[in-house]
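Trainee: Structure incoming, see below.
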Amino acid sequence: MKSSYDIIIAGGGLAGLTAAILLGKDYDVLLIDPDTYPRHKLCGEYLSKEVLPLFDQLGINIQALTDVSISKLHLTLNSNFSQKTSLPLGAVGVSRFCLDKALYDKVIVKGCHKKDKVVNVIKDSTGFKVVTKQDEFTANQVLIATGKRSLLDKSLDREFIKFKTPWLAIKRHYNYEMDKNEVGLHHFDGGYAGISMVENDTVNLCYLANNKEFSEYKNVQDFERKVLSKNSYLESFFEKASPLWENPLSISQISFQKKSAVVNDCLAVGDAAGLIHPLCGNGMAMAIHSAFIASKFLKRRLEKQLSQEEMLQGYTREWEGTFGSRLYAGKKLQSLLLQPSINKFAFKIIKHVPKVLPTIIKHTHGQSVTYSL
């Protein structure tokens, strides 16, 4: 394997894989990720239709991966409030196991994946030195796509990594009969759960919980039975659903603190640049869209159309202009949902003025997008 590349991408989630496809057409690219593909990832698996045109540009037919088209939202509180509404754009339901595999198959055509983990990125006079657990490489540019929280974040002394957070997430696939055109968002004490269908008639349950609440129970099943099931809809789900995995996926220390889209003179994409609150259902779309934006700026830099500083400033402006308002809306919406004294009043308004909910949803998503690199 070579030791020097035009671009090294640290992390092979949706954003990293997308960037590897886009940049691998014209440049010498190495994608470094410790996983073997395909694999399951902790994710709501709700892909907003705003980015479907981008998959055409990637040469991936989403309709061949899944027939699940989500057009309705079912919102419930554990106070027995229930409201259904149509979604302004909607989504497709597709598992990360399936979607990441489709992206990865495009990447390995160029043979540019190394199964390893990036532990540090050091800027020098000629570019960047990339240190992995097994090796060292050099690159003209590095793209940070390491997800929500990583060892690299600690090495780069990122501000958000210094603080403990109360949030954890849990995901599992189930057999369960439900409307395949509907996504459920179900509140419980200290958190909320998303339930929707993906390909092969499989249902994905993914929920965000407060670690303080969770730690009071002996295991996941106990927590689900005694806390989530206070919501009558979730109680019915757990009574009727059959888990397809012996153990769920879980992740802790999820940070919603503001991050920077530029790290150590490198562009960051996906959750590494900013994590939207899961109830918005926009994380997958943001990862893919941000990879297109970053790829445009990296190409212009490598073609000497921009200086390093112009690339960093231009990317930051476009990232903030595209995603900043969504992150803010998501923060406010999650705060509203998780404060019982407020949410009962707010959802009375939603019940009596049905147009309010679709309007709120619009602020957490973008418009259908195409992108010229």
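The values are calculated or read from the model by the stated rules, or taken from the named source; none is laboratory data. Because the structure is a prediction, the values reported are computed rather than measured. Positions of Cβ are generated from backbone atoms using ideal geometry, with glycine treated the same way; all protein chains shown enter the neighbour counts.
Trainee: Quick one: which residue in Glu199, Glu235, Glu182 is surrounded by fewer than 22 Cβ atoms within 10 Å (Cβ to Cβ), under 19 Å from the mean Cα position of the chain (by Cα) and at pLDDT 95 or above?
Mentor: Glu199
Trainee: Further question: Return a yes/no flag: does the stretch 204-212 have any residue that is touching a residue at least 12 places away in the same chain (Cβ under 8 Å) and hydroxyl-bearing (Ser, Thr, Tyr).
Mentor: Checked against the condition, which is being touching a residue at least 12 places away in the same chain (Cβ under 8 Å) and hydroxyl-bearing (Ser, Thr, Tyr), the stretch 204-212 yields at least one hit.
Trainee: Among the numbered criteria (1) closer than 30 Å to Leu31 by Cα; (2) of a type in the set (D, E, K, R); (3) modelled with pLDDT of 95 or more, which single criterion is violated by Arg225?
Mentor: (1)
Trainee: Which pairs turn up if I take residues in the stretch 47-64 that are under 21 Å from Lys25 (Cα atoms) and look for partners that are of a type in the set (S, T, N, Q) and crowded, with 19+ Cβ neighbours inside 10 Å with beta carbon separation below 9 Å, at least 6 apart in sequence or on another chain?
Mentor: Leu54/Thr18; Leu58/Thr18
Trainee: Continuing with the same structure: Please state which of the following conditions Lys180 fails to meet, knowing it meets all the rest: (1) part of a loop (DSSP other than H, G, I, E, B); (2) in contact with a Lys or Arg (Cβ under 9 Å, 6 or more places away or on another chain).
Mentor: (2)
Trainee: Sticking with this one: Among the charged types (D, E, K, R), without any contact (Cβ under 8 Å) to a residue 40 or more places away in the chain and at negative phi: does that describe Asp105?
Mentor: Judged against the criteria, Asp105 is a match.
Trainee: Filter the stretch 142-169 for residues that are surrounded by 22 or more Cβ atoms within 10 Å (Cβ to Cβ) and in contact with a Cys (Cβ under 7 Å, 6 or more places away or on another chain) and give the result.
Mentor: Val142, Leu143, Ile144
Trainee: When you scan the stretch 241-254, how many residues do you find that are more than 23 Å from His277 (Cα to Cα) and surrounded by 12 or more Cβ atoms within 10 Å (Cβ to Cβ)?
Mentor: 3
Trainee: Scan the stretch 290-308 and tell me whether some residue there is in contact with a strand residue (DSSP E or B) (Cβ under 7 Å, 6 or more places away or on another chain) and within 30 Å of Asn175 (Cβ to Cβ).
Mentor: No, because not a single residue in the stretch 290-308 is in contact with a strand residue (DSSP E or B) (Cβ under 7 Å, 6 or more places away or on another chain) and within 30 Å of Asn175 (Cβ to Cβ).
Trainee: What residue, of Val220, Val262, is among the hydrophobic types (A, V, I, L, M, F, W, C) and either crowded, with 24+ Cβ neighbours inside 10 Å or more than 20 Å from Gln141 (Cα to Cα) (or both)?
Mentor: Only one candidate qualifies: Val220.
Trainee: Mind checking which pairs have a first residue in the stretch 74-91 that is charged (D, E, K, R) and a second that is surrounded by 19 or more Cβ atoms within 10 Å (Cβ to Cβ) and at pLDDT 90 or above, Cβ under 7 Å, 6 or more apart or different chains?
Mentor: Listed pairs, sorted by first residue: Lys84/Leu73.
Trainee: Residues of the stretch 285-334 being outside any helix (DSSP H, G or I) and surrounded by 14 or more Cβ atoms within 10 Å (Cβ to Cβ), which ones?
Mentor: If the condition is that a residue be outside any helix (DSSP H, G or I) and surrounded by 14 or more Cβ atoms within 10 Å (Cβ to Cβ), then Leu306 is the only one that fits.
Trainee: Moving on. Here are some conditions: (1) buried (at least 24 other Cβ atoms within 10 Å of the Cβ); (2) over 15 Å from the mean Cα position of the chain (by Cα). Cys280 meets all but one. Which one does it not meet?
Mentor: For Cys280, the exception is condition (2).
Trainee: Looking only at the stretch 39-68, which residues are surrounded by fewer than 19 Cβ atoms within 10 Å (Cβ to Cβ) and over 24 Å from Phe292 (Cα atoms)?
Mentor: Asp67, the sole residue that qualifies.
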